[in-house]
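What follows is a set of notes on a single structure, which appears directly below.
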Amino acid sequence: AAEVLPPTAELEPVPAGAGEHVLFVDDEEPLTKVGQVALEMLGYRVTPQTSAADALALFRAQPGAFDLVVTDQNMPGMSGVALGQQMLALRPEQRLILTTGYSASINAESVRTLGFRELLPKPYDLRALGETVNRVLHETKAAP
């Protein structure tokens with residue numbers, strides 16, 4: 001059953017990590033740096049990548065090394081969806097979050113059918129990033 005949480009007060013702290021390893025992929029280097037700094041402030045270990053191909057090579061070399069992959073959808077060479085699907089082919093239980101600045105064809109339901117746990121619309125703030133990452137890392141897969 002889905003859990004409905006009450007709206008949180010702004011003063012509530014953003015959930016922190018406990019050293020989980022996040023692969024953060026976005027072709028825009030400033031966004032990658034911001035994501036890395038934000039997640040490190042929250043207690044995560046972050047490996048930033050500005051190339052989907054490089055991120056995939058890194059993942060192929062150590063498919064079990066990352067607790068979570070956060071990837072942008074719109075990147076040159078390979079979309080975030082294509083990257084995520086290749087990762088899932090190697091490690092079906094991999095937790096994935098897709099970010100996108102515009103989503104005419106992509107919504108929360110469609111990304112779930114593609115194997116992603118969540119869609120995080122851009123622009124997002126520290127709270128949205130932290131809460132989404134925390135939720136995906138601590139969710140339990142529903143029994144079939």
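The values are calculated or read from the model by the stated rules, or taken from the named source; none is laboratory data. What you see is a predicted model, and the numbers here were worked out from it, not measured in a lab. Here the Cβ is made from the backbone with ideal geometry for all residues, glycine too, and neighbour counts use every protein chain on show. For accessibility, only protein heavy atoms count, side chains too; no ligands or nucleic acids. Shrake-Rupley method; radii C 1.70, N 1.55, O 1.52, S 1.80 Å.
Structural remarks
- When the residues of the stretch 96-113 are filtered to those that are within 20 Å of E139 (Cα to Cα) and within 14 Å of the chain's Cα centre (by Cα), the one that is most open to solvent (accessible area, probe 1.4 Å) is R112.
- Residue within the stretch 46-57 that is open to solvent by 20 Å² or more (accessible area, probe 1.4 Å) and without any contact (Cβ under 8 Å) to a residue 12 or more places away in the chain present: yes
- Hits in the stretch 62-78 - residues which are in contact with a strand residue (DSSP E or B) (Cβ under 9 Å, 6 or more places away or on another chain) and either open to solvent by 40 Å² or more (accessible area, probe 1.4 Å) or closer than 18 Å to L31 by Cα (or both): D67, L68, V69, V70, T71, D72, Q73, N74, M75
- Some residue of the stretch 46-56 being modelled with pLDDT of 95 or more and within 20 Å of A128 (Cβ to Cβ): yes
- Residue in the stretch 87-95 that is buried (at least 20 other Cβ atoms within 10 Å of the Cβ) and more than 14 Å from V136 (Cα to Cα) present: yes
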